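The values are calculated or read from the model by the stated rules, or taken from the named source; none is laboratory data. Fair warning: this is a prediction, and the values are worked out from it, not measured in the lab. Please note: Cβ atoms are built from the backbone with ideal geometry, for glycine as well, and neighbour counts cover all protein chains shown. Quick note on the areas: whole protein, heavy atoms, side chains included, nothing else; ligands and nucleic acids left out. Shrake-Rupley method; radii C 1.70, N 1.55, O 1.52, S 1.80 Å.
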Amino acid sequence: MSAAMDTESTYSGYSHYSGHSKKAHRQGRDRHKSPRSKDGSRSEKSVTIQTPPAEPLLGNEASRAEEGQDDNWGETTTAITGTSEHSISQEDIARISKDLEDSVGLDCKRYLGLTVAAVLGLLVFLTPIAFILLPQILWRDDLEPCGTVCEGLFISVAFKLLILLIGTWALFFRQPKADLPRVFVFRSLLLVLMFLFVFSYWLFYGVRILDSKDTNYQGIVQYAVSLVDALLFIHYLAIVLLELRQLQPMFTIKVVRSTDGESRYYSLGHLSIQRAALVVLENYYRDFTVYNPALLTASKSRAAKHMAGLKVYNVDGNNASGQSRAMIAAAARRRDSSHNELYYEEADHERRVKKRRARLVVAVEEAFTHIKRLQAEEQQKPPGEMMDPREAAQAIFPSMARALQKYLRTTCQQQYHSMESILQHLSFCITNNMTPKAFLERYLNPGPTLQYDRDRWFSKQWTLVSEEAVTSGLQDGVVFVLKCLDFSLVVNVKRIPFIKLSEEFIDPKSHKFVLRLQSETSV
């Protein structure tokens, strides 16, 4: 036991010494490079400010590029930490301030539209009530008595206003899903129509009823009822324009992600370009697999290694064009052997993925078998001593952590799964009595973007690029692009072709036939 303790102390002292020596070497190298970075590259540095990601399961991102490591990498790796210095230029400060101003402008525009719509809606609902109450307040003694028909109109106005209030709440009072660059044309048209309608009713009411102090109270109530009826028809028009018009599919759009070429097809109705872009983004987070830039580095490193193997020597003073032609010719000669390298690289990667996948499946099945054994033992204990799902997940996680870690590193998924998220998913599976295959489904197959942590996948800013006005409707051949920080979505619009069906009548008697048998046969 003492020998083991001496060995452990020796290893820790070696790691401490190697960490300090590497750190001192790095500081000395940075000190030698400091004059060149002070004047030559200071203006080119930039810092992107973003929210800090959650704690990853597998450490820093630089270790992902080590594809050729052995299976015992966990015991032979020394982690070195240090500090880093960054500089920010005036252009970055100007860009950040511009983004803040744009966000403030979008918030002001959104709240201004909501305020105008709320004030106009309140005016619309209070107008019929004011039409009925103003004569009672101003010239009550001169009014004619309200009969049975007039009192029945009160009930009609009350119920129609209640129906209009519920319909307006269901159609308009919704939490906004996005900030669009332009106003919604049909909604603005409805607001303008409603304002002109109410203004014209108030103008007629002021000239014909308030100025003359009309004594026919039943006619005044009928005038208020006609206003409520007209408002109900405007609400029906709003349902048709905002909800029903876009239901019939008229266009087929193809969405392609620019980095890896993943594509999907969707059918849309009559929508503007900006609302079609919003529908595309909603479906993107649900249907597209999560964007993984680590999978794209393999092809880039292969191309860089292929070009790095080409050397051109200028012996007799040829110009640059001759060198470029020599490089093209050398690349063409090596093209025949490059596909073999690609084939064996992909075969080796598939072999390692299958191997680590099998280890992961076995480890998870053994861990869940241990859970079932623990559950059988827990049933025999008193209720106060039973283990909750979180404790059970923490108990069995170390047995599968190594295999899961290696598999996620091999498939370049480690940046999407933190330790806390894996423990939560494991406790969820234990709580709902799920199988090992159900637990592994999230890690064996890359899921949609919505499956992962919100701080990691959610892009708060998208830019819509279109040659046409974003408020114009979709047309055949329209192309627009949705850009974010890492990639873009290219959308191509095609109209669904007109289909003409024809009917062909088949006479039932045409299926009848006569079988005639001949007695003589040929020999």
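With all protein chains present, how much of the accessible area of region 104-244 (probe radius 1.4 Å) comes from carbon and sulfur, to the nearest whole percent?
Working: 6380 of 8960 Å².
About 71 percent, which is the carbon plus sulfur part of the accessible surface.
Starting from region 456-507, pick out the GluC sites (Glu not before Pro) whose DSSP state is loop and whose Cβ has at most 10 other Cβ atoms within 10 Å.
Within region 456-507, the qualifying GluC sites (Glu not before Pro) (loop, at most 10 other Cβ atoms within 10 Å) are GLU467, GLU503, GLU504.
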Separation between the ARG245 and GLU365 pseudo-spin-labels, each 7 Å from Cα along Cα→Cβ, expressed in nm? 5.9 nm
Given unit charges at Cβ for Lys, Arg (+) and Asp, Glu (-), the dipole magnitude of region 104-244 about its Cα centre in debye, nearest 20, is 660 debye
Cβ-based charge dipole, region 104-244, positive-most Cα from SER188, THR127, GLY219: SER188
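From the square roots a ≥ b ≥ c of the eigenvalues of the alpha-carbon gyration tensor of region 110-183, which class results: rounded (a/c under 1.5), prolate (a/b over b/c), or oblate?
On the way: a/c = 6.20, a/b = 2.34, b/c = 2.65.
The shape class here is oblate.
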What is the spin-label model distance, in nm, from ASN283 to LEU237 if the labels are put 7 Å beyond Cα along the C-beta direction? 3.1 nm
Among PHE159, PHE204, LEU112, pick out the residue whose Cα is farthest towards the positive end of the charge dipole of region 104-244, where Lys and Arg carry +1 and Asp and Glu carry -1 on C-beta, about the Cα centre. LEU112
Separation between the LYS509 and GLU350 pseudo-spin-labels, each 7 Å from Cα along Cα→Cβ, expressed in nm? 6.3 nm
Taking θ = phi - 60°, what integer Hz values does the Karplus form 6.51 cos²θ - 1.76 cosθ + 1.60 yield along region 112-120, in sequence order, with x for Gly and Pro? 5, x, 5, 5, 4, 5, 5, 5, 5
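Mind listing which chymotrypsin sites (Phe, Trp or Tyr not before Pro) in region 139-183 are in a DSSP loop and have 14 or fewer other Cβ atoms within 10 Å?
On the way: sites: TRP139, PHE154, PHE159, TRP169, PHE172, PHE173; in loops: TRP139, PHE173.
Passing both the DSSP loop test and the Cβ count: TRP139, PHE173.
Determine the alpha carbon to alpha carbon distance for each of LYS254/LYS406; LYS354/LYS437; LYS354/LYS483 and list only those over 27 Å. Don't skip to the end; give the middle numbers.
On the way: LYS254/LYS406 36 Å; LYS354/LYS437 16 Å; LYS354/LYS483 35 Å.
From LYS254/LYS406; LYS354/LYS437; LYS354/LYS483, over 27 Å: LYS254/LYS406; LYS354/LYS483.
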Based on the mean of other Cβ atoms within 10 Å per residue, sort peptides 277-283, 394-400 so the most packed one is first. 277-283, 394-400
